[in-house]
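Input: a single structure, listed below in structure tokens.
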Amino acid sequence: MRLVYFAQVREAIGLDAEERDVAPDQSIKSLVELLSAEDGRYAAAFDDRAKLRFALDQQMAKADAIIGKAKELAIFPPVTGG
Amino acid sequence: MIDVRVQTEAFDIGAEMARIDGAGAIASFTGIVRDDGGVTAIELEHYPAMTEASLRELAEQAVARWSLSGCILIHRVGRMALGEAIVLVITAAPHRAEALDACAFLIDRLKTEAPFWKKEYRGDAAVWVEAKASDEARAGEWSCSPGLTRLSP
């Protein structure tokens, strides 16, 4: 699936998007844990879990949502437009 | 009539006000780059695949809840200097209460739901803006049942 990152998360990871193989029964939360354990940049980007927001196929999703057949997962900080 | 746009270029507030459908009452909100402790510019990042759809969904909710005859939402992205307009919300309805409430609803919800992120520049120093709890609280106040409004007609 495609992972996309924005704002502080994008800068901390150093990527705006990447392709990853993700088990469909995995939750967003467990994927975040997995990535954090894999690499310090992800650990830094996801350090404050309370300040992470997610969208599955462009729909806002909770951390415990199952990824399922979604094609795109976006991870970003709380929005600050307007 | 719903018109939602995400664009880098500046918008003409007067021209947008003149083209909205509807008579009776027109309300608008314009957000402008503010000199918060020496801010010289801001940069707006967004999630292109999601932004327009999320703005359109908010506009559709407002039109249904307040029976609007017209709704225009324009949000700029990219870099903007101090004093430039960032966002424009225009709502039209037969009476002022609906137009004013819908306009406040749209800007309050947009600030907490639409995928935009703001970076402030003070000269060369750049800092991401943190989301405010007060914005969450304002947006949450609109979660009452449809038909309830803040102002009496």
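Read-outs: derived from the displayed coordinates by stated rules, not from any lab. Every value quoted in this text rests on a predicted model; they were computed, and no experiment measured them. Glycine gets a Cβ as well: all are built from the backbone with ideal geometry, and neighbour counts include every protein chain shown.
Assorted remarks:
- Residues that are under 16 Å from residue B:76 (Cα atoms) and basic (Lys, Arg) were ranked within region B:103-147; the one that is farthest from the other protein chains (Cβ to nearest Cβ) is B:119.
- Tabulated pairs, region B:1-17, first touching a residue at least 40 places away in the same chain (Cβ under 8 Å) and under 15 Å from residue B:55 (Cβ atoms), second in a helix (DSSP H, G or I) and among the hydrophobic types (A, V, I, L, M, F, W, C), C-beta under 6 angstrom, 6+ apart or interchain: B:2/B:59; B:4/B:55; B:4/B:59
- Here residue A:43 does not qualify as touching a residue at least 12 places away in the same chain (Cβ under 8 Å), out of contact with any Cys (no Cβ under 9 Å at 6 or more places or on another chain) and over 24 Å from residue A:69 (Cα atoms).
- Screening A:22, A:79 for residues that are within 14 Å of chain B (Cβ to nearest Cβ) and at negative phi leaves exactly one candidate, A:79.
- The number of residues in region B:95-124 that are under 19 Å from residue A:58 (Cβ atoms), touching a strand residue (DSSP E or B) at 6+ places or on another chain (Cβ under 8 Å) and buried (at least 20 other Cβ atoms within 10 Å of the Cβ) comes to 5.
- Residues in region B:16-51 that are closer than 30 Å to residue A:71 by Cα, surrounded by fewer than 17 Cβ atoms within 10 Å (Cβ to Cβ) and acidic (Asp, Glu): 1 in all.
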